[in-house]
Amino acid sequence: MEFLRDVISIVSQPWHWAVSGAVIAGIMFLLLWFGERFGVSRSFETLCSIAGAGRKVSYFNFDWRRYNWLLTFIGGSVAGGFIAVYLLPADEPVRIAQATVEALQKIGVKTPETKAEGL
């Protein structure tokens, strides 16, 4: 149980942007390696095909089962986002540079000062 608390403590902290970039690049590389292409728009096409749009529009008439992996990926992304926001909350909003805060305020964007303001 202590191990799980340690993992949650590490995962729930803000990470450097380069870590996220490296993970995204790794996933994209693996998709290309296995001959797949990634795109959220493809998942919308797949959902339209599942819903039966192929009966009316030939563009959506394809074997959507080939893209089960993509629907799983998108579902996992949505679930991961939910978990990150609601189950692994940080105590304060992500800190950004003061120059960025000032630039945003000039164009009328208010930056959150508490976590509650950011949701």
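The values are calculated or read from the model by the stated rules, or taken from the named source; none is laboratory data. What you see is a predicted model, and the numbers here were worked out from it, not measured in a lab. Cβ atoms come from the backbone with ideal geometry, glycine included; neighbour counts cover every protein chain shown.
Within region 40-94, the set of residues being β-branched (Val, Ile, Thr) and either part of a helix (DSSP H, G or I) or modelled with pLDDT under 90 (or both) comprises Val40, Thr46, Ile50, Thr72, Ile74, Val78, Ile83, Val85, Val94.
Would you point out which residue out of Gly26, Gly108 is at pLDDT 90 or above, closer than 30 Å to Asp6 by Cα and of a type outside the set (A, V, I, L, M, F, W, C)?
Values: Gly108 fails: closer than 30 Å to Asp6 by Cα.
Criteria check complete, one pass: Gly26.
I'd like the full set of residues that are without any contact (Cβ under 8 Å) to a residue 40 or more places away in the chain and either touching a strand residue (DSSP E or B) at 6+ places or on another chain (Cβ under 7 Å) or surrounded by 10 or more Cβ atoms within 10 Å (Cβ to Cβ) (or both), limited to region 8-18. Steps first, please.
Of region 8-18, the ones without any contact (Cβ under 8 Å) to a residue 40 or more places away in the chain are 9-10, 15-18.
Correct list: Ser9, Trp15.
Would you check if Leu70 is in contact (Cβ under 8 Å) with a residue 12 or more places away in the chain and in the same structural domain as Asp6 (by TED's automatic domain parsing)? So that I can check it myself, show each step before the final result.
Working: in contact (Cβ under 8 Å) with a residue 12 or more places away in the chain: yes; in the same structural domain as Asp6 (by TED's automatic domain parsing): yes.
Yes.
So is Thr100 over 16 Å from the mean Cα position of the chain (by Cα) and within 30 Å of Val7 (Cβ to Cβ) or not? Criteria not met by Thr100. Here Glu36 clears all of (1) without any contact (Cβ under 8 Å) to a residue 24 or more places away in the chain; (2) among the charged types (D, E, K, R); (3) in the same structural domain as Trp15 (by TED's automatic domain parsing) except the condition numbered (1). The residue that is nearest to Met28 (Cα to Cα), counting only those in region 73-118 that are surrounded by 10 or more Cβ atoms within 10 Å (Cβ to Cβ) and of a type in the set (Phe, Trp, Tyr), is Phe73.
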